[in-house]
Structures are given as C-alpha cells and as structure tokens.
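Asks: Provided herewith is a single structure, encoded as structure tokens, for subsequent inquiry.
The values are calculated or read from the model by the stated rules, or taken from the named source; none is laboratory data. No experiment lies behind these values; they were computed from the predicted model shown. With ideal geometry, Cβ positions are generated from the backbone for all residues, glycine too; neighbour counts draw on all protein chains shown. With ligands, DNA and RNA removed, areas are computed over all heavy atoms of the protein, side chains included. Shrake-Rupley method; radii C 1.70, N 1.55, O 1.52, S 1.80 Å.
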Amino acid sequence: DLARALAGLRATSPIGTSVVIVADGPSPQQEAALEHVDAAMSGDSLTVEVIWTSERSGPAAAANVGLRRAIGPIAILLDSSLEPTGDVVSPIVGALQDSTVAITGGWGIVSTDLRTFEDAPVGDVEAILGQCQAFRRADYTERGPLDEHFRIPRSLDIWWSLVLREGSAGESARRAARLDGLPIRQHEQRGSADLSDAER
C-alpha cells in the first residue's frame, strides 16, 4: 500500500514536496520493507524520510511525530490506502490560500447535532476525515499537538477539525472545505477493515 501511494506521489507531486513516513511500531516484515524506502523513493521532485517508533503509539501520536518533523508550510495527512493519480498537492495548497479555510481534504462529514455524522458532498462541512486532511503547519504549532488520548481516527478527525475551525479572539469561526475532484484512487483501509463491526 505504501509503495503504491509513494509511487503516485513521486509521479505527480510538484517539485519540493517532502514526505514523512511514520513507521509506528512496525512488524519485522514492515521494518524490512521500509529500511530502504527513503533513499529509493527520493528524487528530483520528492524527498522521503522515514521516522521510526519503537512501539505502536496510535493515530494521534504517530501523526504528531510526523508533523513535528515536517518542514513545509502546509501539512497533508495522507493514508497509505490512497493512490494519487494526479497532483493532489497543488489544489490542496490552493484551497488553503483562502484565509477563511482552516482545514481541507478529500472527504468530509456533516452533522446537525455534533453527535451523529454522515458523509458530506463537496463544499463546507463540519469536519474533514484524516485519510486526506490538510492544514497550515503554523496552525498546528499554535493549536496542537493532536490529543493522543484519541484512539479512534474518526473521533480524532472531528475534534481536530473543530479545533482548527475555532476562531481566535475577536475572529469568526473558519471553514472546513471538502474539495471536489482530487485525483486520488481509494483502496481498502486495511487497519479499519481488519476490525470486527463490534470493535469498530
């Protein structure tokens, strides 16, 4: 999955794109596969770095590790189940040029009561799902880190979207915007698919 996602990024990303992979307590097989990824995948347009954790830490902690290492002004969290088929970086960066947009990405959810949520069409939403979620790194520095008590990715996605959308003192709330037509092919999310319905 990771090799497929990286190949898509390498083929389509603008020059200067930097990728940080968090190897979150990898299995021996995953560790062997990751050992040479950064050197093999880095090239003219893409630099790749692998960060290792000794134990599995969960989605929020793993994202914090990667975000602390990131150097670009825009951070894009991208699940390895997604395969870029075109440039996903430029439209995301373009959307965040609008100062009223706090967070953006390929999938969003809406709610009437902030208790139950459903998938949303393109446009303004309550929250952006973390499989493809982007925001300004300066906002992460100011409002982060991600709360590592969250163990369920969707709950983390909702909380972080609301944190980013909250206006600063004297400012109105900012927006979460689901983008239209991002060139991404969605494959099965293995971690989620491996859980029973009851556990999920």
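Asks: Looking only at region 12-43, count every residue that is surrounded by 14 or more Cβ atoms within 10 Å (Cβ to Cβ) and in a helix (DSSP H, G or I) and tell me the total.
Replies: The number of residues fulfilling the criteria is 6.
Asks: Scan (1) in contact with a Ser or Thr (Cβ under 6 Å, 6 or more places away or on another chain); (2) more than 24 Å from residue 10 (Cα to Cα) for the single condition residue 189 breaks and write down its number.
Replies: (2)
Asks: Given the conditions (1) open to solvent by 40 Å² or more (accessible area, probe 1.4 Å); (2) under 29 Å from residue 171 (Cβ atoms); (3) not hydrophobic (A, V, I, L, M, F, W, C), which single one is not true for residue 123?
Replies: Unmet condition: (1).
Asks: With the condition kept exactly as written, say whether any residue in region 73-89 is charged (D, E, K, R) and open to solvent by 60 Å² or more (accessible area, probe 1.4 Å). Break it down into steps so the answer makes sense when it comes.
Replies: Filtering region 73-89 for residues charged (D, E, K, R) gives 79, 83, 87.
If we keep only those that are open to solvent by 60 Å² or more (accessible area, probe 1.4 Å) too, we end up with none.
No, the conditions are met nowhere in region 73-89.
Asks: Applying the selection to region 171-182, what residues are open to solvent by less than 90 Å² (accessible area, probe 1.4 Å), more than 24 Å from residue 2 (Cα to Cα), assigned to a loop (DSSP other than H, G, I, E, B) and not basic (Lys, Arg)?
Replies: 173, the sole residue that qualifies.
Asks: In addition: Please verify whether residue 147 is open to solvent by 40 Å² or more (accessible area, probe 1.4 Å) and within 16 Å of residue 77 (Cα to Cα), treating the condition exactly as stated. Please lay out each step first, then the result.
Replies: On the way: open to solvent by 40 Å² or more (accessible area, probe 1.4 Å): yes; within 16 Å of residue 77 (Cα to Cα): yes.
Yes; evaluated as a whole, the condition is true for this residue.
Asks: For residue 185, all conditions in the list (1) modelled with pLDDT under 95; (2) of a type outside the set (S, T, N, Q); (3) not in a loop (DSSP other than H, G, I, E, B) hold save one; what is the number of the exception?
Replies: So the condition that residue 185 fails would be (1).
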